[in-house]
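*Asks:* Handing you a structure now.
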Amino acid sequence: MVSPIYIIAILLGMAFMLGLLSKSGTRIAGILTSVSLALPVYISISWFIQILSGNADAITIFTAGSVPPFSINLVMGLEEAFFTSAINILGLLGFIYLSADLKKQGVRAMALYLVLIMGLNVVVMTRDIFNLFVFMEIVTIAVAGLIYLKNDNQSKEAGFKYLVAVGIISLFFLIGIGFFYFYGGTLNIDGFIAANSVVVKGATIAIFFIIISIILELKPFPANGWALDVYQAATPGVSALISSGTATASIFVLYKLLPLGSEIWLQILTVVGAVTFLGSNFLGISQKNTNRLLGYSSIGQVGLLMMVIGFMPQLGSAFKMIFFSVFISHFLAKAGLFWLSGIVKKESITDWGILRGSNIALFLFGIFLFALVGFPPFPSFYGKWQMVMELAGTGRFIWIVIILLGSFFEGLYLFRWLGYAIKGEKSNEEKLQIPWDKIVPPFIFGISLFIAAYYANSMSVYGNTINLIPLVFILLLFVIDFLPAYIKNTITIGAMVYYAVNLYPSISDDTLRVVFAAIFLIGGILTMIAGYSVKGKRKGFFPFAVMMYFGLIGLIEAENLFQFFFAWELMTLGSYILIIRGKFSMKHAFNYMLFSLGGAYLIFLGIAMSSFGNTSLDIGIIGLSTMPGWSYTLLAIGFLTKTAALGLHIWLPGAHAEAESDVSPMVSGILLKGGVFGLIVLFLAMGGEQAASHPLLYSLGWLGAITALGGNLLAVFQEDAKRLLAYSSVANLGYILFALAFMTNIGWLSALTYSINHFLFKTLLFLAIGGVVLRVKTHNMYEMGGLIKQMPWSFIAVLIGIITLAGIPPLSGYAGKWLFYNAVITKGWYFQGVLVFFAGTIAFLYCFKLIYSVFLGQPKDRFRKVKEAPIWYLIPQFILIIGIMIFSARPDLVLKPIGALLTQSSYFPSDSLSWENVTASTNLGYWSGYKIMLVIGVMFAVLLVWLMYMSRKTQKVKQFNIVYAGERPFTPETTHFSHNMFSHYYKALGFLSAPLATRFWNITNDITHRIADGSKRLYTGNGQTYLAVIMAYIIIIYLIMF
Amino acid sequence: MELVKKIGFVLLGLFIILNWGLIMSGIIRKIIARLGMRRGIKVFQPYINLIKNYSIRSQISHGVMFYLGPVFRLSGGIGIFLFMPLIHGSELWSNFSFTGDLILIAYFAFFGMLGMALGAGEGGHPYSAIGISRGLAQFTAIELPLTLAIISIAIQYNTLSISEIVAAQQGGIQNWTLVTNPFATVAAMISFLGAMGHSPFSVVMAPQEIPIGPPTEYHGTFLGILQTNRAILHVIEAVLYMNLFFGGATNWGILILKSFLVYFWSVFVGMVFPRFRVDQSIPWLLKLPVLIGIIAIALLII
């Protein structure tokens, strides 16, 4: 084992040595510097491994061969080894990244760099408070020097402000040290603690000055204007060092010094951290400047770390794991993002479309963002989960709200940024230049995130319950992304089939789960078949499609709430990327993400509240919640964001309509059922039939009814075929919500029938319309017309789809309607029910508009030669049609077992549906799908034959051969009655379709952004103001404490 | 054997209903003419029209769906007939009502409407599409009072089976829904006006402005089928209301009388009131008739 003192020796020695090399020797200097940065990496890592594995103990080094107080002592323990390793790895990679810039500046810049890394190492290791001060000063000066690397006015100004601000902070630190020595008689931290000097009156003032200056070093909100200017002005490579390096050292110093102070410091730290996390992320939401935005995020993350430290006693044994996962996510992701920012060289996040020039860079960018926001499987997901659960265990819900709100704001601006990167404008002339030395560091950090994720997973108490194999499969799909799409498609379908076959035995006794698993997996396979029509590589599609489906299946497989939430987040992430792939999807995908994030955090909070007072995390604990009102409501609203209940629906139309042709059915017919399944889980946990009179359900019933009405009404007034279908989904999910809220046997049967039907017909319709859109290249129905001749198969598919949608017998839609009537009357929700039936008749309007405007009426000249939709689109459509036919003729095959499950499992024992062969009956009425189909089929056939006989001499005529007062119509465009088809209806009921929800969210959004913008005026850019804020901050904390 | 007998009676019933429908429409048109101080057509004119239309040799088609439209339409009409019990207490005259209940009939009505809409749509005539869009729009509002009435009587009789509803009304006029649940009856009868397409809800066909709307392009056999359907549908819809609100029928004589009176109600109103535009009829239907329907339910649940 190499003594850690050599870290200092090597770095400092080389820094001096470099001075001897002439300017012409920058190349050699560069190599020497790299080597001397690599050695400390080896030293610190080997210490870390040895101590971790128990082969070595922490050592204390006394310099100058003497003991404190006459020497400086350094400690290399597990924590020190970890943090120095992090710093040294960052130092090495950061140097590789910066080497080109540093070389330009000459060897002195390299020396400065070495001094910085050396300083950070000592700051971590030292146990001597004065020594700490000295090395913090060294770090400050080195950082300031590196800020000047950029050599423009902005960075000079920022560097100066930095020096002044940190100078003032050091001043307080120094005063603190004075008091420290005066009261403690030692400069050694351990000595001070050992002497129990804390209790000495007056020592508290020493501690106050010391700790407050460390806190200020961590750039707490709002005393951090100087830091933001630095992040913005410095070259990104340096910002990476500041964000991940100095912040790391400072946070460790804080951790190290905390034992000096009393308990109250922990509380102060919690408050400071919370204010910083929330405030900084809040101000970030309207930020467009890349590096400044990263600055806000950095400061926010450090705030979160402060909170974690502040909650140390409450977090108990989980502290280490939480700290590790939050820290490592921030450390790796933030450095990585700053580095990428240096590659992209765009000041505004709106110009980041250029990142698409490189797959690797885009991939890394994505995972860094996901890691920061805390999506699974990245470490911060585990960390945040554990932290929230621990806090929930002690009832600290306000703090949880702060954490989630801050995370939400952070997600908001990060995903806006991601949106610009994936979909933003990109000029073709500009090419992204990626030298290897710039991409290697972020690449290594990106890979490290996965390794860290693995460790976070194994450290987390819930981690071992997560099935990581599908995640590995997703990663594998990234690796083989260079292959043609059809190969990847086949692999994906194969994997899904394999998964389905393996899954079935484990859930076969739970029909409810089987139904949803079938929707997710069979639906997934069918929609993937359509993907065969895509030529080329279809980069980045498959991993996320699999992620979404795996997330959905994970919901079904989840045994506890952790797994459930894990799957929920995966599903959200996968579907977001799928949605944003559409040509004009940027805005809509962003809206989707906002609502999904908001919804996910509500679910998270709901889970946390349910877990209060319960020891396990079984799904059933929702029902045992000690705060049932809160838990139920939060969870319900969370799930409703996914099912797009009215008011929370505004993301859906755009997201579904603008998605790619084969993605729309995935996110509409299938994904929405994820939310439905969530509601099912919630309602079952609430206690099935016993909960039927719960006031929440009553309001959800009304909400469902209003959603059904609103969705259908809005669909009627659409001109865009896919938007029409999207609004129709809103309405259908309204039906499902309404029926679920009944909490009766028949109500649930009708909800499940609706779910199955909606899956069948909406996937069918979206595929069919998607196929048409592929051919005609427009979504506007009035531009189409008469396509039945060119696309007869698509027409049949749409016809079957709308008959099912409208609930016309003999197809299965009617089963849903019939069950519905029975459920409404048994439950006694007459008026809500009437609203829903009214909505049902409105559905006819858009069903007709859809099929008529697209396939019937007058064909347009420019579409005379279009071909039928691709065969790969038609195959899944006809499989779905077969599905509809079977479900229509023999609904008992599905409904009987579900009914049996609902009855026997004591969820809904009473008022069940009884079956006699194929005839279903309730207390009220009866219905026999099979016989109805038979009667109608025979009759239809007889009449058809008769008509064919009677009109056997019919001639076909040309397009314009119609009864038109002896004249010919002018053009197909003026003869095709389609645009604004229901203007009269709009005149009568249009007022009901006023976009109130959109207006509400726009205003909310506007106000939030304005407040954030307004608050940013605090950061005037004036150094004096910054100092005043720092002073005020100290005074306020002082007043709070004493 | 049972099945053959059943089918025999079903076909016989259909034959009776069709003929009664044709005669009834003749009578009604005669009455309308006389009210308008005209001599009017012969009572058997509908038969003549039908025979003429079925005999026309030259026919044109605009495509498959155009062809299928009338088949859908007639299937819709006959389908409702098939699922409707005609004579109370008679197993043989109950058709196939054992396969489904009131809800089936309520929803099967859409089958014909949809098919017709599509067929007419392929005809390519803008007036057809205008007529359909008006029809569908107005229809949403027409259904609402009926839905309220259906729910009201389902609560009242605790069943959705038409046979049972009829059975519950036996034993004199005091047991009819008309008397026991007048609000539901009123709401439904207003809805009936809309369903029959006479003034004030005749904007769908509106012969004076969009030459008969949806069927504009149909002629010959196609039109014949549509006329056949109309004859059946008018009677069977009247039978439905008769079953639900006016005690049903225990023999064919009563069925003919009651269905005539029910149907005549729509003619009577149509003669007195002028036509609504769609954007007038919808708000009108959604106000008073819906309120009456709500009262019908509210009275039962209080």
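*Asks:* Among A:Phe562, A:Tyr113, A:Ala485, flag the residue with its Cα farthest along the positive direction of the charge dipole of the protein assembly as shown, charges on Cβ as +1 for Lys/Arg and -1 for Asp/Glu.
*Replies:* In the protein assembly as shown, that residue is A:Ala485.
*Asks:* Okay, moving on. Dipole magnitude of the stretch A:466-683 about its Cα centre, charges +1 at Lys/Arg Cβ and -1 at Asp/Glu Cβ only, in debye to the nearest 20?
*Replies:* 740 debye
*Asks:* Of A:Gly813, A:Leu52, A:Tyr549, which is farthest along the charge dipole of the protein assembly as shown in the positive direction, counting Lys and Arg as +1 and Asp and Glu as -1 at C-beta?
*Replies:* The one lying farthest along the dipole's positive direction is A:Gly813.
*Asks:* Using only atoms on other chains, find how many Cβ atoms lie within 10 Å of each Cβ of peptide A:937-947 and report the average.
*Replies:* For this peptide, the per-residue mean of nearby foreign Cβ atoms is 5.
*Asks:* Helix A:397-423 versus the longest principal axis of chain A: what is the Cα-based angle in degrees, 0 to 90, to the nearest 10?
*Replies:* The helix A:397-423 is inclined about 70 degrees to chain A.
*Asks:* Amide H to amide H under 5 Å from B:Ser61: which residues, 5+ apart in sequence or cross-chain, H placed 1.01 Å off N in plane?
*Replies:* The answer is A:Gln955, A:Lys956, A:Val957.
*Asks:* What residue among A:Pro628, A:Leu20, A:Pro40 has its Cα farthest toward the positive end of the dipole of chain A, where the charges are +1 on Lys, Arg and -1 on Asp, Glu, each on the Cβ?
*Replies:* Highest projection toward the positive end goes to A:Leu20.
*Asks:* Let me ask something additional. Using a simple charge model, +1 on the beta-carbon of Lys and Arg, -1 on the beta-carbon of Asp and Glu, nothing else, what dipole does the stretch A:94-214 show about its Cα centre, in debye to the nearest 20?
*Replies:* Using Cβ point charges on Lys, Arg, Asp and Glu, the stretch A:94-214 gives about 220 debye.
*Asks:* In terms of modelled amide H atoms, which long-range or inter-chain residues lie less than 5 Å from the amide H of A:Gly786?
*Replies:* A:Phe855, A:Leu856, A:Gly857, A:Gln858
*Asks:* Another one. Per residue, what volume in Å³ does the convex hull of the Cα atoms of the stretch A:1-127 enclose?
*Replies:* Hull volume over Cα atoms, normalised by residue count, gives 93 Å³.
*Asks:* Oh, and also: For the stretch A:951-960, take each phi angle, set θ = phi - 60°, evaluate the Karplus expression 6.51 cos²θ - 1.76 cosθ + 1.60, and give the result in whole Hz per residue in order, putting x for glycine and proline.
*Replies:* Once θ is set to phi - 60°, the couplings for the stretch A:951-960 become 10, 6, 9, 4, 9, 8, 10, 7, 3, 8 Hz.
*Asks:* Quick one: B:Phe246, A:Phe450, A:Phe331, A:Phe878, fewest Cβ neighbours within 10 Å first, how do they rank?
*Replies:* So the residues, fewest neighbours to most, are A:Phe878, A:Phe450, B:Phe246, A:Phe331.
*Asks:* Quick one: A:Ser66, A:Ser3, fewest Cβ neighbours within 10 Å first, how do they rank?
*Replies:* Ranking A:Ser66, A:Ser3 by Cβ neighbours within 10 Å, fewest first, gives A:Ser66, A:Ser3.
*Asks:* Name the shape class, rounded, prolate or oblate, that the alpha-carbon gyration tensor gives for the stretch A:367-418, where a ≥ b ≥ c are the square roots of its eigenvalues, rounded holds for a/c under 1.5, and otherwise prolate holds if a/b is larger than b/c and oblate otherwise.
*Replies:* The shape class here is oblate.
*Asks:* Sticking with this structure for a sec: Per residue of A:989-996, how many C-beta atoms from partner chains lie within 10 Å of its own C-beta, taken as a mean?
*Replies:* Mean shielding by partner chains, rounded to a whole number: 1.
*Asks:* If you don't mind, there's one more thing I want to ask. List the relative contact order of the stretch B:2-301 as a percent without decimals, with contacts defined as Cα pairs under 8 Å and 6+ residues apart.
*Replies:* This gives 26 percent for the stretch B:2-301.
*Asks:* Which length gain, in nm to one decimal place, applies between A:Ala58 and A:Ala941 when the Cα-Cα distance is subtracted from 0.36 nm times their residue separation?
*Replies:* So the extension gain works out to 309.0 nm.
*Asks:* Report the Cα-based extents of the stretch B:2-301 along its three principal axes, largest first, to the nearest Å.
*Replies:* Projected onto the principal axes, the Cα atoms of the stretch B:2-301 cover 55, 50, 41 Å.
*Asks:* Tell me, what is a quarter of the convex hull surface for the C-alpha atoms of the stretch A:263-464, in nm² with one decimal?
*Replies:* With every direction weighted equally, the projected area is 10.8 nm².
*Asks:* Now for a separate question. In units of 2.2 N^0.38 Å, what is the alpha-carbon radius of gyration of chain A?
*Replies:* 1.05
*Asks:* Test of understanding: ordering A:Phe1000, A:Phe838 by Cβ neighbours within 10 Å, fewest first, what list do you get?
*Replies:* Neighbour counts put them in this order, fewest first: A:Phe1000, A:Phe838.
*Asks:* Something else about it: Please give the calculated 222 nm ellipticity per residue for chain A, where each DSSP H segment of at least 4 residues contributes -39500 (n - 2.57) and the sum is spread over every residue; nearest 500 deg cm²/dmol?
*Replies:* Counting only the DSSP helices, I get -23500 deg cm²/dmol.
*Asks:* Next up: Run lengths n ≥ 4 of DSSP H only: what is the helix-derived mean residue ellipticity at 222 nm for chain B, with -39500 (n - 2.57) per run over all residues, to the nearest 500?
*Replies:* -24500 deg cm²/dmol
*Asks:* Taking every residue in A:837-849, how many Cβ atoms of other protein chains lie within 10 Å of its Cβ, on average?
*Replies:* Whole-number average of other-chain Cβ neighbours for A:837-849 is 6.
*Asks:* Relative to the longest principal Cα axis of chain A, at what angle does helix A:290-310 sit, 0 to 90 degrees, rounded to 10?
*Replies:* 80 degrees
*Asks:* Please identify every one of the GluC sites (Glu not before Pro) in the stretch B:199-302 that sits in a loop by DSSP and has no more than 14 other beta carbons within 10 Å of its own beta carbon.
*Replies:* Passing sites in the stretch B:199-302 are B:Glu209.
*Asks:* Same structure again: Between their Cα atoms, which of A:Lys789/A:Lys865; A:Lys488/A:Lys722; A:Lys587/A:Lys849; A:Lys642/A:Lys896 are more than 21 Å away from each other?
*Replies:* A:Lys488/A:Lys722; A:Lys587/A:Lys849; A:Lys642/A:Lys896
*Asks:* How big is the dipole moment of the stretch A:1-127 about its Cα centre under a simple scheme where the beta carbon of each Lys and Arg is +1, that of each Asp and Glu is -1, and everything else is neutral? Debye, nearest 20, please.
*Replies:* For the stretch A:1-127, the charge dipole is close to 580 debye.
*Asks:* So which trypsin sites (Lys or Arg not before Pro) in the stretch A:728-797 pass both tests, a DSSP loop state and at most 16 other Cβ atoms within 10 Å of the Cβ?
*Replies:* A:Lys777, A:Lys789
*Asks:* Take A:Phe1042 and A:Lys777, extend 7 Å from each Cα along the Cα→Cβ direction, and tell me the distance between the two endpoints in nm.
*Replies:* The modelled label-to-label distance comes out at 7.6 nm.
*Asks:* Apply the Debye scattering formula to the stretch A:733-994, with a single equal point scatterer on each alpha-carbon and no solvent, then give log10 I(q)/I(0) at q = 0.08, 0.09, 0.12 Å⁻¹.
*Replies:* At q = 0.08, 0.09, 0.12 Å⁻¹ the computed log10 ratios are -0.41, -0.51, -0.86.
*Asks:* Output wanted: per-residue J couplings in Hz (rounded whole) for the stretch A:531-547, from phi through Karplus 6.51 cos²θ - 1.76 cosθ + 1.60, θ = phi - 60°, x for Gly and Pro.
*Replies:* Taking θ as phi minus 60°, the curve returns x, 5, 6, 7, 8, x, 9, 6, 4, x, 7, 5, x, 7, 4, 5, 4 Hz for the stretch A:531-547.
*Asks:* Report the Cα-based extents of the stretch A:845-984 along its three principal axes, largest first, to the nearest Å.
*Replies:* 68, 39, 36
*Asks:* Another question, then. Helix A:469-479 versus the longest principal axis of chain A: what is the Cα-based angle in degrees, 0 to 90, to the nearest 10?
*Replies:* Between helix and principal axis, roughly 80 degrees.
*Asks:* Could you give each residue of the stretch A:379-389 its phi-based ³J(HN,Hα) in whole Hz, using Karplus coefficients 6.51, -1.76, 1.60 with θ = phi - 60°, and x for Gly or Pro?
*Replies:* Working through the residues one at a time gives x, 5, 4, 4, x, 5, 4, 4, 4, 4, 5 Hz.
Laboratory data are not the source of any read-out in this text; all were calculated from the coordinates shown. Quick caveat: nothing in here was measured; it's all calculated off a predicted structure. Virtual Cβ from ideal backbone geometry, glycine too; neighbours counted across all protein chains shown.
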